[in-house]
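Read through the structure below, which is laid out as structure tokens, and then see the notes.
Every read-out reported here was derived from the displayed coordinates using simple, explicitly stated rules and does not represent laboratory data. Only a predicted model underlies this, so the values are computations on that prediction, with no experimental measurement involved. So basically every Cβ, Gly included, is an ideal-geometry build from the backbone, and we count neighbours across all protein chains shown.
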């Protein structure tokens, strides 16, 4: 064991330092296709311990890579053999809940689902949610500014974090654990750590904004024949349901047919073959009244020819079955590999033309070996795209990325809607960020991490 690891062991204790096979045996992605390459994993039990560890690493120029639940898709937590990985899995507790002020204080290693359950026990709701909720951590979600299924109503992680405690590269602790909804006292320092992927500091604790738990929830799956109809449905649902509209998820037929119909593990609520499948979910305060309104809104969509078919979940179990199709990303990945996964955003009105143009250009480039699957949150302008072709070489991958990203430029879209940049999108950042913006990002990085020891190589080359 090296001298710095011996010093770290004295800080974090025997439970706080993993080496050897305890490191290499750990999966480095949610599929278990890779393993951690770091020379050690440090698991501090407190902000003070991490601060002491970072002081040692800063003095020695030792690079560190923070990691959450390994559910990211852009290689933002990949390690090199000389790196030390920082895991906050021992800082996973719910520290406090204020049911009046509607806040929750948690450790950064707290699983998202644990935060959901703790809030629900108090009649409250932590509103940021996505399929990997059982594994993903609050700290990881903060570091990537995660979005998920309810952004159309509640916003992204940035909108649901009030305060943060973070450790800088040199071990300095920034404790901005604000619990106020309104606090305009100079710079909002927490924003330095939300969405910056651990390159400016490592988040250790957070104050989360909570909402009153809805007293009603209604979920439906609808089939539409055209994207014009999907847009009309979104406008119609927004007008009639207002703030009750919680989720608006769209699966192109390429997704629904593959997962709901062909896979055989789901009971498809609607038959395949339609152009688009839309999950609409609304939540409110009166189950009987809200259910009647929800049914009326969907009935109007059918009568007006906006939707071709629809099924309303009659129970929480049926709603879960609908969502299970949308959230079955592991099966989707297995069925489409090898391929490149994308997370882009662009105006809703531009999506149909973008996808059709992408399909045409990919078919021209790769012929019949091309496979394209599209789905997304849509209501917040987010598309998820899986695109593969054979033979799947590094050159093929680069060409696929080029087709997807350059086509965003005319629409002023973004190469990352909610998954971050990591390593995978780093070389394409100039597609959606100006040279002046990137220069300012570099200035921040240099000022806060002059030795470049925090998650080096991620986000900025």
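Per q in 0.10, 0.15 Å⁻¹, report the Debye log10 I(q)/I(0) for region 150-270, using one uniform scatterer on each alpha carbon and no solvent. Once normalised to I(0) and log-transformed, intensities are -0.55, -0.87.
To the nearest 10 degrees, how steeply does helix 394-406 sit against the main Cα axis of the chain, on a 0 to 90 scale? Compared with the principal axis, the helix lies near 70 degrees.
Measuring r between the beta carbons of residue 314 and residue 349 and using R0 = 35 Å, the FRET efficiency lands at 0.55.
Angle of helix 227-241 to the longest C-alpha principal axis of the chain, folded into 0 to 90 degrees and rounded to 10: 80°.
Each 5 Å bin from zero holds the following percent of Cα-Cα pairs in region 385-440: 4, 16, 26, 27, 15, 8, 3, 1.
Using the C-alpha gyration tensor of region 347-410, what are the square roots of 5 times its eigenvalues, in whole angstrom, with the largest one first? It would help to have the intermediate numbers written out before the result.
Details: eigenvalues 92, 25, 23 Å².
Equivalent-ellipsoid dimensions as semi-axes: 21, 11, 11 Å.
At q = 0.22, 0.23 Å⁻¹, what log₁₀ I(q)/I(0) does region 94-212 have when each alpha carbon counts as one equal point scatterer in the Debye sum? Log10 I(q)/I(0), no solvent term: -1.30, -1.42.
So how many Å³ per residue does the convex hull of the Cα atoms of region 337-446 work out to? Don't jump to the answer; show the numbers that get you there.
Values: hull volume 11.9 nm³, N = 110.
Here the figure is 108 Å³ per residue.
Round to a whole angstrom and tell me the spacing of the C-alpha centers of region 345-419 and region 255-321. Using only Cα atoms, the two centres lie 26 Å from each other.
By per-residue mean of other Cβ atoms within 10 Å, what is the highest-first order of 139-152, 22-35, 346-359?
Working: 139-152: 26.9, 22-35: 14.1, 346-359: 16.8.
Ranking, from highest mean packing down: 139-152, 346-359, 22-35.
Which whole-number percentage describes the relative contact order of the chain, with Cα contacts under 8 Å and a sequence gap of 6 or more?
Numbers: 930 pairs, mean separation 71.4, N = 461.
Worked out over the chain, it gives 15 percent.
Pair-distance distribution P(r) for region 216-329, from all Cα-Cα distances in 10 Å bins starting at 0: 15, 50, 31, 5 percent.
Taking each pair of different alpha-carbon atoms in region 3-89 once, compute 1/r for the pair, average those values, and report the inverse of that mean as the Kirkwood hydrodynamic radius in Å to one decimal. Kindly include the intermediate steps, with their values, before the conclusion.
Values: mean 1/r = 0.0770 Å⁻¹.
Computed over Cα pairs of region 3-89, the Kirkwood hydrodynamic radius comes out at 13.0 Å.
Roughly what % of Cα-Cα distances in region 305-376 sit above 19 Å, to the whole percent? Counting every Cα pair in region 305-376, those more than 19 Å apart make up 57 percent. With both bridge residues required to lie in the chain, what share of the DSSP beta bridges run antiparallel, to the nearest 5%? If I count the DSSP bridges inside the chain, around 85 percent turn out antiparallel.
Panel values: the chain, Kirkwood radius from alpha carbon pairs, Stokes-Einstein at 25 °C and 0.890 mPa s, translational diffusion coefficient 106 µm²/s.
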